[in-house]
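Chemist: Sharing a structure with you now.
Throughout, read-outs are computed from the coordinates displayed, never taken from laboratory work. Quantities reported herein were computed from a predicted structural model and do not represent experimental measurements. FYI the Cβ positions are ideal-geometry reconstructions off the backbone, even for glycines, and counts take in every protein chain you see.
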Amino acid sequence: MSSYCLHYHYIKMSFIKKYPVVLHLLAMLGISLGILMIVFIVIKIYARQGKEYELPDVVGTNIADLRADNPLGLDVVILDSIFRPGVEGGQILTQDPKGGTAVKRGRKLYITITAYTAEASVLPHRTAPHIPELRFLLRPP
């Protein structure tokens, strides 16, 4: 080896021996950058970035048709059912997110459908009330 290389190597080693904290800081920086790179790579794979599809508009279709033909593997969640006379039950009235939105496979699709039957109302069983009770019930507030 030349004397210059030996001199440079001696200076480098003496600097590290004199200031070992610098070596430790450089090691921590290198390890931190390595961990950060690994985390970003794992997040990109896990979050499936870039793999988005256009959500079709399903308002007006039947829930059975949506469940039979669901190419995006959407998780359909029925939020509410509303009875509408003259409308077939199971028709989708609203959807969230709206049609045309970019979504990933397996996303939850929240919908409101028409009810198949009207909601049954329970009326209290009453016999004919007496006249004083009627006057009490019908009095102005």
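Chemist: Quick one: which residue in L134, L66 is under 25 Å from the mean Cα position of the chain (by Cα) and not in a loop (DSSP other than H, G, I, E, B)? Let's see the steps before the verdict.
Modeler: Working: L134 fails: under 25 Å from the mean Cα position of the chain (by Cα).
So the residue among L134, L66 that is under 25 Å from the mean Cα position of the chain (by Cα) and not in a loop (DSSP other than H, G, I, E, B) is L66.
Chemist: Next up: Any idea how many residues of segment 27-66 are surrounded by fewer than 11 Cβ atoms within 10 Å (Cβ to Cβ) and closer than 16 Å to T112 by Cα? Please lay out each step first, then the result.
Modeler: Of all residues in segment 27-66, those surrounded by fewer than 11 Cβ atoms within 10 Å (Cβ to Cβ) come to 27-43, 45-47, 49-51, 60, 64.
If we keep only those that are closer than 16 Å to T112 by Cα too, we end up with 60, 64.
Here the count works out to 2.
Chemist: Exactly one of (1) within 30 Å of Y46 (Cβ to Cβ); (2) surrounded by 10 or more Cβ atoms within 10 Å (Cβ to Cβ) is unmet by P71. Its number?
Modeler: (2)
Chemist: Which ones in segment 43-87 are within 17 Å of T101 (Cβ to Cβ) and of a type in the set (S, T, Y)?
Modeler: If the condition is that a residue be within 17 Å of T101 (Cβ to Cβ) and of a type in the set (S, T, Y), then Y53, T61 are the ones that fit.
Chemist: Can you pull out every residue in segment 55-80 that is over 14 Å from K108 (Cα atoms) and touching a Leu at 6+ places or on another chain (Cβ under 9 Å)?
Modeler: Of all residues in segment 55-80, those over 14 Å from K108 (Cα atoms) come to 57, 59-65, 68-69, 80.
Scanning segment 55-80 gives V59, G60, D80.
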